[in-house]
Structures are given as structure tokens and as C-alpha cells.
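The next block holds one structure in the form of C-alpha cells; read it before the comments.
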Amino acid sequence: MRKLLLLFAAASILACKNDQTEKTSEIAETTADSTNVEEMEFRQVDSKIINNDSLWQPFEADLSEFSTEVYEEVKALVFERSIPEIQQAIASGKLTYEELAMFYLTRIREYDRENELSLNSVISLNPNLIEEARAKDSQINGSEAQHPIFGIPVLLKDNINTAAMPTTAGSHALQDNQTQDAFIVQRLKENGALILGKANLSEWANFFCQGCPNGFSTVGGQTLNPYGRKIHDTGGSSSGSGVAVAANLAPVAVGSETSGSILSPSSANSVVGLKPSIGLLSRGGIVPISSTLDTPGPITRTVIDNAILLDAMTGVDDKDPASAKAVQPTGNYIDGLEKASLKGKRFGAIRSLMEDSLYVRAVNDLKKAGAEIVEYEAEEIDLPNFIRLLNLDMKQDLPAYLKNYGGEVPYNSVQDVIAYNNQDSLNRSPYGQALFYGIVKDSASSKEFAAIKDTLKINGTRFLEKPMQEHKLDAILSINNYHAGYAAVAKYPAITVPMGYTRENRPMGLTMIGKPFTEEQLLQFAYIFEKNTKRRKTPENYNE
């Protein structure tokens, strides 16, 4: 089993690393008897770049009028509530979008920076948020039907372009990368969403430094896990997105994944994360690692919110070839949730994971809800040249982003960024930039590169498709991001849902992997599991 576990870890390497606490046996961590946990050590925790006075200056006057009494009234309507519940409070006149925005700003100011509970999950805030929220309030009584995302503040991972704030990818080099909105941000705005701000991330989406902790960026500092601050890993690379949603600093957030970057922080922070099929959501205007594997996706506290946020971002982007040829949904992802059933649905449970007590309980929960469970032995399949795929893609894709979507920054390549960082490596790359050096050194002919991609896709697809066909499975059940590498190269969607906590209070997620473009079905499966188990709990130090 150890060999298989190491293979799982290798499958999700570097771009979206497995939790660093999972050293030799991911299974043993879940069922360990010890409750003694050591505090993690970091070279840098607080940001050296973010200026709190500048960050909060646009909101000072409005926040000074948002009293503690009003905050508590709003909290009763908003805290740990789903989007439909929040919209119901708005519709009844008990709450305004302005108050909703003020509530999250207040919590970010209280919990995110420079105090004993700080999480460092937010890099920047939309300076126009309050004005835009007031505009939404003025439109409430309009006759036109509104999307459920209307008026809801959305936090974006800071590799996703939006005009109101720079898109930094967490890098010192991109501090002034002022851009236009990414395609998915355009879609969010068209559906009425408010852009709350930008979330911290593992710098360059975890494909920059080697051995550095998840959740660290030079711009944002070290993101910390609210379930065990400086104790539990945040997961990466969408670390800030997962942490902010978990601690109720944002109602929902958008992350991005190459191989585990949504699944990892979502499971590590006890929230719901969906990695869609490649092309379902546009990648246009998102700082890339790999045009072969990259995708944005929703991170939320509930499955219904995940469906709403996913629905609000969909649309065909003709400038993204994967989006242009993707299978688009015929309806929305929301309406079918309540009517969904697990009767006759077949799930594959990987036998080597059945040593994990939380996984076994989750499998039994699905069985009780009407699903058929098939235990099977997962085939040992290698994913050769996985890092080379990322190297070769990013060598091409970053220059393409800078040319087509970037702001006026003086860089054209990975090598340019390396040279800039080397001018002051202590402050610009405190953990080094080993993976960037690896990108520069790597090369391949077009024929060799195509062969690398073909082999990875064939192997990843075989790992998932063979048991699905043999056992007539609707989905395969995994844990956290253990099989993210296979889902990545096969281009299969996956969703993770909170399934419980270890004795050390470390969150764990049940992950369901389905065939391409079965997001609607995966959301329904996850919704039923969530409704029948209700395993998520609020991090205890962030309840005020």
C-alpha cells in the first residue's frame, strides 16, 4: 500500500502539492491515536507588501457607521448561511446587499491580518464594493429575473484577472499587473455578482518554489488554516480561497486547479470544492501553469452554493480553444439538486482507502442513502513526465498570458521573472524559485511534447475509466486530493465535500470523481451526501 500512496502523492506533485503533513502514509494520519501536534515553522508569515492603511482607506467612513449591533443583526442572517438563505433575507427586507458586503469587510478586517487569529487569506479588496452593493440594492425591485448570484460578494483567487485590482499570482513581480476582467469574471458580473477582492494563494499556483509551504506568496504572506492555525496545512494552491470561505470571510470564492489546487485546500479547510471538466469554464485571463490541465472552479461552504457559483461562471469563450469545443450545460446546475436520488447509482470504493475510518463511514453513509458500493483494487499506474508537461506548457503559456491578458509589466517570459526576483531574492523569493529554473532548463520537440501529453492522458484515463466500465460506476470515491493527478491528466471532474475530522481536528474531504462533463450528476451526489451527513463544522475561533 505504501507504494500506491507514494504514487498518489507523485500524481499531484508540485503544482498542487498534497498536504505536507502527509509524509509517508496519508492513511495513518487520519486514524492516528496521538493528539499531540507541533506548530509549523515558516520563514515568513506576514506580508511585507500589503499596507493595511491603504487596504482599508476606501472603506473607513462606511465601516465606522457599521455598528456592533448592526453587525450582530446581520450575522444572524448571514453567518454560515447558504446563498438561497441570504437571498431570502434580502427578499424579505431584513437585509441589504450593502449590509452583506459590510459584514464580510468587517470580518476580514477583524480576522485576516496582524493579530493572534490572522489567517492572511485576502490579498486585496475591491475599492468600489460598497458603491456597487448599493447599486444592487437599487435594482432589487426590477422586473427582470435575477440569477441567484446577484448581489453576492465573490472572492477571486489572485491569479484571476479583474479590473478593480492587480492580478499578482502572489508574485512581487506582478504587483502592478493591472488587467481587464477575465472571461469568468465578466460572466459573474453579467449575472450580478459583486467582486469582493482577491484571495491569497501559493505563489504562481504552487509552481514556483520547491519545498515551500502551501499557502505562501511573497505578496500575501503565509495563509493559515482556521482549524489549526500554524498546525494544519492549508492545502494549495487556492489556499486563500478555501480559508476565507471556511472562516466566513467570504460567502463563496473562485479557485483554480491544475492538479489538486481546488480539491486540496477545500478538503483541508472543510469546504466544498469542484474541479470541473477542462473547458467547461474559460481560462481566458487567468495566470496559467498549463493550458492542457488548468481550470477555474468554485469553492463554497455548501453544495448548493457551489452549483450556483459554477452556473454563474459558465459560458463559451471563443478565445479559449478548450471552452469553444466543450460540452455546455443545457440547463442550470441548481434545479435538480432537491429531486436527486442515489437509488441505483454505483460508486467505486478503493480498497486500499478502506483503512481510513472517515472514508469507511462516508462510504456507508452513501450506502444508507441508497447507493450501491463496489469495492475494488486500484491499478498501479505511473504518470511519467508529469512535471515536464507542466514545465513545457508554462514555458509557452505564461508568455501568452502576459501578451494577451497581462497588464503593462516589463516581463515576457519565465526567465524575465527569475531575473527580476534575483535582484532581491530575500524579499522576492524567500523560498527560492527552483521550479521556475526547471521550466527554463526543460525543452522538447513538438513530437516529444505531444507524446508526453498522450501518455499521461492514456494512463490517467485508464486508472479511472477501466474500473468505471468494469463495474458500471457512476463515480469513484477518493479522499482529499489523493487522486487529483489522475483526474487532471484524464480531464475528469471531481468534487470534494467535508466528511469529518481527525482526532487532531484536521478536516478531511470525501472526493467524488466522475466522467467528463458530469458536473450536474456530481453536484447531486455531493448534495445528497451533505444533506444526510452535515459533517462540516465552523472553525471554533472564528465564530464571533
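The values are calculated or read from the model by the stated rules, or taken from the named source; none is laboratory data. Not measured: the values here are computed from a predicted model. Methodologically, a virtual Cβ is constructed for each residue, glycine included, from the backbone with ideal geometry; neighbour enumeration extends over all protein chains shown.
For the reader, a short list of remarks on this structure follows.
- Search result, residues across the range 141-158 that are at pLDDT 95 or above, under 19 Å from SER82 (Cβ atoms) and not hydrophobic (A, V, I, L, M, F, W, C): HIS147, PRO148, GLY151, PRO153
- Inside the range 225-243, residues that are surrounded by 24 or more Cβ atoms within 10 Å (Cβ to Cβ) and closer than 22 Å to TRP204 by Cα make up a count of 12.
- Residue under evaluation GLY460, criteria (1) buried (at least 20 other Cβ atoms within 10 Å of the Cβ); (2) over 23 Å from PRO276 (Cα atoms); (3) among the small types (Gly, Ala, Ser), criterion not met: (2)
- Listed by position, the helices (runs of 4 or more DSSP H) inside the range 361-430 whose residues that are closer than 20 Å to ASN159 by Cα and among the hydroxyl-bearing types (Ser, Thr, Tyr) number at least 1 are 386-404, 414-422.
- Inter-residue pairs, beta-carbon under 8 Å, first surrounded by fewer than 24 Cβ atoms within 10 Å (Cβ to Cβ) and in the range 244-269, second modelled with pLDDT of 95 or more and among the hydrophobic types (A, V, I, L, M, F, W, C), 6+ apart: ASN248/PHE79
- Of all residues in the range 160-181 being among the hydroxyl-bearing types (Ser, Thr, Tyr) and either in contact (Cβ under 8 Å) with a residue 40 or more places away in the chain or in a helix (DSSP H, G or I) (or both), the one that is farthest from SER121 (Cα to Cα): THR179
- The range 317-336 residues that are surrounded by fewer than 19 Cβ atoms within 10 Å (Cβ to Cβ), paired with ones that are in a helix (DSSP H, G or I) (beta carbon under 7 Å, 6 or more apart): ASP318/ALA324; PRO329/GLU520; ASN332/ASP311; GLY336/GLU520; GLY336/GLN524
- Cβ-Cβ contacts under 6 Å between residues 6 or more apart (or on different chains), taken from a first residue in the range 100-119 that is basic (Lys, Arg) to a second residue that is part of a loop (DSSP other than H, G, I, E, B), are listed as ARG107/LEU249.
- Residue count for the range 431-445 satisfying the condition of being assigned to a loop (DSSP other than H, G, I, E, B) and either closer than 19 Å to LYS48 by Cα or touching a helix residue (DSSP H, G or I) at 6+ places or on another chain (Cβ under 6 Å) (or both): 5.
- Test result for LEU95, part of a loop (DSSP other than H, G, I, E, B), surrounded by fewer than 24 Cβ atoms within 10 Å (Cβ to Cβ) and more than 23 Å from the chain's Cα centre (by Cα): yes
- The condition of being under 23 Å from the mean Cα position of the chain (by Cα), buried (at least 18 other Cβ atoms within 10 Å of the Cβ) and within 26 Å of GLN521 (Cα to Cα) holds for only one of LEU389, LEU358, that being LEU358.
- Within the range 201-225, residues that are free of Cβ contacts under 8 Å to residues at least 40 places away in the same chain and over 17 Å from VAL254 (Cβ atoms) reach partners that are crowded, with 24+ Cβ neighbours inside 10 Å and among the aliphatic types (A, V, I, L, M) with beta carbons closer than 8 Å, at six or more positions or on different chains, in the pairs GLU203/ALA169; GLU203/VAL219.
For (1) under 30 Å from ILE439 (Cα atoms); (2) without any contact (Cβ under 8 Å) to a residue 24 or more places away in the chain; (3) of a type outside the set (Val, Ile, Thr); (4) in contact with a Lys or Arg (Cβ under 6 Å, 6 or more places away or on another chain), each residue gets a yes or a no:
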| residue | (1), (2), (3), (4) |
| --- | --- |
| LEU342 | no, no, yes, no |
| PHE347 | no, no, yes, no |
| ARG361 | no, no, yes, no |
| PRO384 | yes, no, yes, no |
| ILE387 | yes, no, no, no |
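- Matching residues in the range 384-437 - criterion: being farther than 23 Å from THR179 by Cα and touching a Leu at 6+ places or on another chain (Cβ under 9 Å): PRO384, ASN385, PHE386, ILE387, LEU389, LEU390, ASN391, LEU435
- Here GLN175 meets each of (1) among the polar types (S, T, N, Q); (2) more than 26 Å from ILE304 (Cβ to Cβ); (3) buried (at least 21 other Cβ atoms within 10 Å of the Cβ) with one exception, condition (3).
- Output for the range 248-274, where each listed residue is more than 8 Å from the chain's Cα centre (by Cα) and within 23 Å of TYR527 (Cβ to Cβ): ASN248, ALA250, PRO251, VAL252, GLY260, SER267, ALA268, ASN269, SER270, VAL271, VAL272
- Some residue of the range 75-90 being surrounded by 15 or more Cβ atoms within 10 Å (Cβ to Cβ), small (Gly, Ala, Ser) and at pLDDT 95 or above: yes
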